[in-house]
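Peer 1: Input: one structure, supplied below.
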Amino acid sequence: MTDIVPQPAPVIPVRRPSAEQSATRLKSRYAVERRFKALGLGSLMLTGLFLLLLLANITLNAIPAFSEHAAVMDVTLDPAVIDPDGKKDPAILAAADYASLTRAALMTAIPGVEGRAAKKQLASVMSSGAADDLRAKVLADPSLIGKTIKFPMLLSDDADLYFKGEGVKASSRPGTGTITASDSKGQITLTSADNAFAALTDTVSKFDLEKDDGGLVLKSSMPSHLVALNGGLVKLSKISPSSATGEVLTPLTSAGPAVGSAWQFVTYGAPEGNRQVNDQAATFLEKLKASGVVQKNFNWRFFTSGDSREPELAGIRGALVGTFLTLLVTLSLCVPIGVLAAIYLEEFAPKNWLTHIIEVNINNLAAVPSIVFGLLGLAVFLNYFGLPRSAPLVGGLVLALLVLPTIIIAARAAIKSVPPSIREAAIGLGASKQQAVFHHVLPLAMPGIMTGTIIGMAHALGETAPLLMIGMIAFIVDVPKGLTDAATVLPVQIFLWSDLPEAAFQQRTAAAIVVLLAFLLLMNGAAIWLRNKFERRW
Amino acid sequence: MSILKQANTLALAAASLVALSGAATARDQIRIVGSSTVYPFTTAVAEQFGKAGGKTPIVESTGTGGGMKIFCEGVGEDKADATNASRRIKKSEFELCAKNGVTDIVEVKVGIDGLTIAHAKGAKAVKLTRKQVFQALAEQVPDKDGKLVANPYKMWSDIDAALPALKIEVLGPPPTSGTRDSFHELFMEKGAEEFESLKAMKKADEEKKTKDFEKVWKSIRKDGAYVEAGENDNVIVQKLEANKDAYGIFGYSFLEENTSKLEGVAIEGVDPTYENISAGKYKGARDLFVYFKKQHVGVIAGLDKFVAEYVSEKAIGEDGYLAKKGLVALPKDKIEATRKGALAMAPLKGDDLK
């Protein structure tokens, strides 16, 4: 025992700054604050700018994917092809060769196409989906058989992109002089006694062209030169001032001479080598466009069909349904387990080293890389329990493991924020601890728990890595119907499309990203709305 | 109390779901795994097969190595039926398969993929040899005396005065990619063999069972001249557009789809065109394979029909739908051989595997 001797209070020397000193100091303190504010605002604006750029870029890329081009043509539903027996048996109707009907319609719309290569070229401007659409139409209404109907036939991805892009940049100027065609189709020679091609040889001479007995050989890396005469179109491959040889793209009505303004030079400004659509296909498409049958529609197919290797047929329905099923499993596992775990840890568990270790581990689990959960899913759910590969059930289980720590942490925080007075009042009125928690604490903590859950779900919505191990990164055409059907999810669909070579798939990728972002916004918006609606402040 | 009840029901429902699905029904859908390079082609066949009345097979994109692992897990309804591969099956993989009971493997060579080096359109056209590619990208190259030194070349013109005076900058796939394996085998190994000193090293390796030569052609420089641009070839295409001086390495189908933006580099004087690759003139080409389990034929409905669809003329033929998707068709006689082997379901012997 020692006596406490009262000590005299220490004298703190006070240095009073002069008025001038304090004024400068105040000024510099304000300046620091202003700088900090400016920096904060600047970084916020920079972030906003980047976000805006990203969104604008994705949206701009996505816009073309939301429309599709179709050509409305007269299709004759020939009973001999569709229903030879006349019994209208759905099985026979479904198995018929509708592609031959759509091809025939196309041949009628663009007459005069001869030769195997040209016919193949013509068939390639139409999507294979046109025949499928026609089949669906006939199956829905068999009374159409035998009639000729106006039917919008879906164009192929290249043709679609052609109409969405700049096209061939066609231009024409009138010819002067007289030219004579040697034939009306195939490889022909155009001859001119008065050097009608001299103007053209001058234009192309700036390209470094090879000579072949007097003629300049044109290349696909330069603009294409064509001649329109006698109602047809000839693509030139070799020219000299007095003659030109080339391939007939559109048959001439007759061989023979064309004088002066009766013929034109046509130039496709975009070099053929730079296009997906060659000159032959371009003439077909230009012809379709000129006849006014090409129409642009909203691409509903994108939302109603599953995956496909044809960009114009590919849709996100399968991925959307797969996402929904997967998240359903995740949600129905996470919420009860997560909330009950949080309640136990927060309200009932004794505070000892064991619960402490559990708490630390839950926090650590929230930071484990997601691929690890995929490996766990592969080892446990697939190999040990023998669940099917690529199933939304397994995907949901794996994602549930992934978001469970997030939900437990959020739920605990929400429970902790309920003031102790609520519990004490309930217990004071004779409620058991369990009654106090479930009747009073949990309802008050619910908004916070729901917010945490939705944010956890949004996290799960964006995951692809853990799904790789359990086989959900896959090409799946059929829309899943149950929890054990093979399925994929939206982010995986984006990943798969982004890796395909076709240019049209790049736009689909962007469009799918827009849909995914819309879902994320919706979910986060719901979280904010729930919080604002039910939140209680004390 | 109601919340507790709801939570209980939910938990019960989830638990019973897990229990129910354990007893999955017999499979009527073909399952294929493997290479992301062959994925675009196998999926196209799968879709056609589905349209023709079968159930559309599921095609996973796991990479060649990962696919082999899954494929070789064993025989049974819960195992994969086929795997895509951008290279031939390895001896070790074949043995793993045999160990797990996968004894009858049918090898189908479906087509060719050209590995192309390309640059943005508008840049000056160059021609390269595989030796020059090796010199540009290997970690160690032989100097004048044949001694291995750290790669000293900074500019293309350092290698050969005829090449442009540009910094060496090549964008290519990371080591996890099958395309990268092929690049090493088709370009780096062949390029290295052009050097006398390295040839001698290869010979010495064979005698002494060392792997010095392999180490040389399997090492790519790490000083920034080679940029790993990710598995996604579209990313490389986009980066080339932005950087006119850089070169990129990717599959021929990406070059074909981006003709408006890219230009292929001729290798040993041969341009990477469809005709040259198909005729075997272009040196940077590799065969693509699909491996089927013969033991699953008759067990999994439609597997034999799927094989038949894959090797049909309308699929892998010169004018087939796979050619439209960027697959380079095999020469006619080889297609015939492929078709004969596939339809007869002749199992792989494994004697000539490496």
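Peer 1: Could you compute how much accessible area chains A and B hide from each other, both sides summed, with a 1.4 Å probe? Nearest 100 Å² is fine.
Peer 2: Counting both chains, the buried surface is close to 3800 Å².
Peer 1: Which of the peptides A:267-278, B:321-332 is most tightly packed, and how do the rest follow, judged by the mean count of other Cβ atoms within 10 Å per residue?
Peer 2: B:321-332, A:267-278
Peer 1: Let me know the mean shielding of A:325-332 by other chains, meaning the per-residue number of their Cβ atoms within 10 Å of its Cβ.
Peer 2: 2
Peer 1: Right, here's the next one. Starting at the first residue of the stretch A:448-464, write each ³J(HN,Hα) from the Karplus equation 6.51 cos²θ - 1.76 cosθ + 1.60 with θ = phi - 60°, in whole Hz, x for Gly and Pro.
Peer 2: Going residue by residue, I get x, 5, 5, 4, x, 5, 5, 5, x, 5, 4, 4, 5, 4, x, 8, 10 Hz, with x marking Gly and Pro.
Peer 1: Quick one: what are the phi-derived ³J(HN,Hα) couplings along the stretch A:374-389, Karplus 6.51/-1.76/1.60 with θ = phi - 60°, whole Hz, x for glycine and proline?
Peer 2: Those phi angles translate into x, 4, 4, x, 4, 5, 8, 6, 7, 6, 8, 7, x, 6, x, 5 Hz.
Peer 1: Here is a further query. Straight distance only, please: which lysines reach the Cα of B:Lys203 with their own Cα at less than 18 Å, same-chain residues fewer than 8 apart left out?
Peer 2: Those lysines meeting the cut-off are B:Lys147, B:Lys190, B:Lys211, B:Lys215, B:Lys218, B:Lys354.
Peer 1: Ok, one more. Anyone know which of B:Asp319, B:Asp181, B:Asp81 comes out most mobile in the 10 Å Cα GNM of chain B?
Peer 2: Of B:Asp319, B:Asp181, B:Asp81, the most mobile in the Gaussian network model is B:Asp319.
Peer 1: Now for a different question. Rank by packing, highest mean first: peptides B:199-208, A:251-260, with packing defined as the count of other Cβ atoms within 10 Å averaged across residues.
Peer 2: A:251-260, B:199-208
Peer 1: What ³J(HN,Hα) values, in whole Hz, does the Karplus curve 6.51 cos²θ - 1.76 cosθ + 1.60 give for the stretch A:206-218 when θ = phi - 60°, with x put for Gly and Pro?
Peer 2: Each residue of the stretch A:206-218 in turn: 6, 7, 7, 9, 7, 9, 9, 4, x, x, 8, 8, 7 Hz.
Peer 1: So for chain B, what are the equivalent ellipsoid semi-axes in whole Å, largest first, each being the square root of 5 times an eigenvalue of the Cα gyration tensor?
Peer 2: Semi-axes (√(5λ), whole Å): 41, 25, 23.
Peer 1: Could you work out how far the C-alpha centroid of the stretch A:44-121 sits from that of the stretch A:458-480, in angstrom?
Peer 2: What the calculation gives is 28 Å, centre to centre.
Peer 1: Give the span of the stretch B:114-285's Cα atoms along each principal axis, as three whole-Å numbers ordered largest to smallest.
Peer 2: The Cα atoms of the stretch B:114-285 stretch 50, 33, 29 Å along the principal axes, largest first.
Peer 1: Now, a different point. A 18 angstrom limit on the alpha carbon distance is what I want to check against. Which of B:Lys154/B:Lys202; B:Lys127/B:Lys334; B:Lys90/B:Lys222; B:Lys109/B:Lys314 exceed it?
Peer 2: Violating the 18 Å Cα-Cα cut-off are B:Lys154/B:Lys202; B:Lys127/B:Lys334; B:Lys90/B:Lys222.
Peer 1: What is the mean number of Cβ atoms from other protein chains located within 10 Å of the Cβ atom of each residue in peptide A:475-484, rounded to a whole number?
Peer 2: Rounded to a whole number, the mean comes out at 5.
Peer 1: How much solvent-accessible surface does B:Glu231 expose, in Å² to the nearest 10, with a 1.4 Å probe and all protein chains in place?
Peer 2: About 90 Å², ignoring ligands and nucleic acids.
Peer 1: Sort by residue number and report every cysteine in the protein assembly as shown with no other cysteine beta carbon within a distance under 4.7 Å.
Peer 2: That list is A:Cys334.
Peer 1: Over the whole of B:284-293, what's the average partner chain Cβ count within 10 Å per residue? Rounded to a whole number, please.
Peer 2: Partner Cβ neighbours, averaged per residue: 0.
Peer 1: Under 17 Å between alpha carbons: how many lysine pairs meet that in the stretch A:202-343, if sequence neighbours fewer than 8 apart on the same chain are excluded?
Peer 2: So the count works out to 8.
Peer 1: What number, in percent, do you get for the relative contact order of chain A if the mean sequence gap of Cα pairs under 8 Å and at least 6 apart is divided by its residue count?
Peer 2: Relative CO of chain A lands at 15 percent.
Peer 1: Assuming a ≥ b ≥ c are the square roots of the Cα gyration tensor eigenvalues, decide whether the stretch A:51-207 counts as rounded (a/c under 1.5), prolate (otherwise, with a/b larger than b/c) or oblate.
Peer 2: Taking the square roots of the gyration eigenvalues as a ≥ b ≥ c, the stretch A:51-207 is oblate.
Peer 1: Something else about it: Quick one: which residues, 5 or more positions from B:Val110 or on another chain, have an amide H under 5 Å from its amide H? H modelled 1.01 Å from N in the peptide plane, none for Pro or chain starts.
Peer 2: Answer set, sorted by chain and number: B:Leu288, B:Phe289, B:Val290.
Peer 1: Further question on the same structure: Before rounding to the nearest 500, sum -39500 (n - 2.57) across all DSSP H runs of length at least 4 in chain B and divide by the residue total; then give [θ] at 222 nm in deg cm²/dmol.
Peer 2: -10500 deg cm²/dmol
Peer 1: Scan the stretch A:392-464 for trypsin sites (Lys or Arg not before Pro) in coil per DSSP, keeping those whose Cβ has at most 12 other Cβ atoms within 10 Å, and list them by number.
Peer 2: Counting only loop positions with at most 12 other Cβ atoms within 10 Å, none of the trypsin sites (Lys or Arg not before Pro) in the stretch A:392-464 qualifies.
Peer 1: Please work out how many pairs of lysine residues in the stretch A:317-534 are eight or more positions apart (or on different chains) and have Cα atoms closer than 25 angstrom.
Peer 2: 4
Peer 1: I'd like to check one number: the per residue accessible area of chain B, probe 1.4 Å, reported in Å² as a whole number.
Peer 2: Here the per-residue accessible area is 45 Å².
Peer 1: So how do A:19-29, B:184-194, B:107-117 stack up, highest first, on mean other-Cβ count within 10 Å?
Peer 2: B:107-117, B:184-194, A:19-29
Peer 1: Sequence-distant or interchain residues sharing an amide H contact under 5 Å with A:Ala170, placed H: which?
Peer 2: It is A:Gly269, by chain and number.
Peer 1: Quick one: how many Å² of A:His225 are accessible to a 1.4 Å probe, rounded to 10?
Peer 2: It works out to around 20 Å².
Peer 1: Taking loop as defined by DSSP and a crowding limit of 16 other beta carbons within 10 Å, which trypsin sites (Lys or Arg not before Pro) in the stretch B:115-182 fit?
Peer 2: Answer in residue order: B:Lys124, B:Lys144, B:Lys147, B:Lys154.
Peer 1: Can you give me the % of accessible surface on the stretch A:317-534 that is carbon or sulfur? Probe 1.4 Å, all protein chains present, nothing else counted.
Peer 2: Of all accessible area on the stretch A:317-534, carbon and sulfur atoms account for 71 percent.
Peer 1: Now for a separate question. Taking only DSSP H segments of four or more residues, each worth -39500 (n - 2.57), what value at 222 nm results for chain A once the sum is divided by all its residues, to the nearest 500 deg cm²/dmol?
Peer 2: It lands at -16000 deg cm²/dmol.
Peer 1: For the stretch B:140-175 and the stretch A:158-187, what is the separation of their Cα centres, given in Å?
Peer 2: The stretch B:140-175 and the stretch A:158-187 have Cα centres separated by 47 Å.
Peer 1: Shifting gears a bit: Counting only protein heavy atoms and using a 1.4 Å probe, what share of the accessible area of the stretch A:1-134 belongs to carbon plus sulfur, as a whole percent?
Peer 2: The C+S portion of the solvent-accessible surface of the stretch A:1-134 is 65 percent.
The values are calculated or read from the model by the stated rules, or taken from the named source; none is laboratory data. Nothing here was measured: the structure is a model prediction, and the numbers come from that model. In this analysis, Cβ positions are derived from the backbone assuming ideal geometry, glycine residues included, and neighbour counts consider all displayed protein chains. Each accessible area value is taken on the protein alone, full model and side chains, heavy atoms only, with ligands, DNA and RNA left out. Shrake-Rupley method; radii C 1.70, N 1.55, O 1.52, S 1.80 Å.
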